[in-house]
1. Name every residue in the range B:58-71 that is within 27 Å of residue A:45 (Cβ to Cβ), in contact with a strand residue (DSSP E or B) (Cβ under 7 Å, 6 or more places away or on another chain) and in a loop (DSSP other than H, G, I, E, B), in order of residue number.
2. Do the conditions hold for residue A:4, that is, is it modelled with pLDDT under 95, surrounded by fewer than 17 Cβ atoms within 10 Å (Cβ to Cβ) and within 14 Å of chain B (Cβ to nearest Cβ)?
3. Of these, B:41, B:55, which one is within 14 Å of chain A (Cβ to nearest Cβ), exposed (fewer than 15 other Cβ atoms within 10 Å of the Cβ) and either in a strand (DSSP E or B) or out of contact with any helix residue (DSSP H, G or I) (no Cβ under 7 Å at 6 or more places or on another chain) (or both)?
4. Looking at the range B:64-116 only, could you name the residues that are under 19 Å from residue A:97 (Cα atoms), over 13 Å from the mean Cα position of the chain (by Cα) and more than 14 Å from chain A (Cβ to nearest Cβ)?
5. Taking the condition touching a strand residue (DSSP E or B) at 6+ places or on another chain (Cβ under 7 Å) and closer than 23 Å to residue B:11 by Cα, does residue B:74 pass?
6. Tell me, which strands (runs of 3 or more DSSP E) lie completely within the range A:40-102 with 2 or more residues that are buried (at least 17 other Cβ atoms within 10 Å of the Cβ) and within 14 Å of chain B (Cβ to nearest Cβ)?
7. Select from the range B:16-38 the residues that are over 12 Å from the mean Cα position of the chain (by Cα) and surrounded by fewer than 19 Cβ atoms within 10 Å (Cβ to Cβ) and write down the one among them that is farthest from the other protein chains (Cβ to nearest Cβ).
């Protein structure tokens, strides 16, 4: 399976700062989703953006999608220590989710 | 919300034995379930797609005779790792797609397999 690329691989910020993660993919998609995973745990679905949408908000999360560049970004505003986790983008390719490499976010109090 | 469970959550076995992992959708029917494998500090890799009542579709490089998948009902899929070896040690995660919500997959909490 092709996997998207995410950058940065790791991000360390102070509480209150914003965190931006980027995701690039290679094929046509139906939608793109962002997930969070705490260490050794399952995945938590954060947000889904469809291929005909450009931006979506959910609480402190803002996701953009640029299908011409095959890229997406996840912005977490006013970060908290509890946001510390790994974040993955996943593209829906014909019903299958293909995950990016992930960004490990550390938010220091 | 939709809940997916996995059992067991952790399993330790000896090399050469087989291990079965169950994935259940607790409050919805899932025609399709997916199995992923995740090595430490890495992303999820799709292993196979499991459709109720039919054979699973395996991703390239995944041995179907080693990772047996059975999707016997609309709420249960099982993954059996046959003749497990230490290199099979990993975090196995399933997800289920609801009949009425094709865009959404609900993920189980994962199973940590350690093969000694």
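The values are calculated or read from the model by the stated rules, or taken from the named source; none is laboratory data. All figures in this text were calculated on a predicted structure; none of them were measured in a lab. When we count neighbours, we look across all protein chains shown, and the Cβ atoms used for this are built from the backbone with ideal geometry, even at glycine.
1. Hits for the range B:58-71 are B:59, B:62.
2. Working: modelled with pLDDT under 95: yes; surrounded by fewer than 17 Cβ atoms within 10 Å (Cβ to Cβ): no; within 14 Å of chain B (Cβ to nearest Cβ): yes.
The answer is no for residue A:4.
3. Numbers: B:55 fails: within 14 Å of chain A (Cβ to nearest Cβ).
Step by step, each of B:41, B:55 is checked, and only B:41 is within 14 Å of chain A (Cβ to nearest Cβ), exposed (fewer than 15 other Cβ atoms within 10 Å of the Cβ) and either in a strand (DSSP E or B) or out of contact with any helix residue (DSSP H, G or I) (no Cβ under 7 Å at 6 or more places or on another chain) (or both).
4. Residue satisfying the conditions is B:100 alone.
5. Details: touching a strand residue (DSSP E or B) at 6+ places or on another chain (Cβ under 7 Å): yes; closer than 23 Å to residue B:11 by Cα: no.
No.
6. On the way: elements: A:43-50, A:55-58, A:61-66, A:71-76, A:85-93, A:96-99.
The qualifying strands (runs of 3 or more DSSP E) are A:43-50, A:85-93, A:96-99.
7. That would be B:16.
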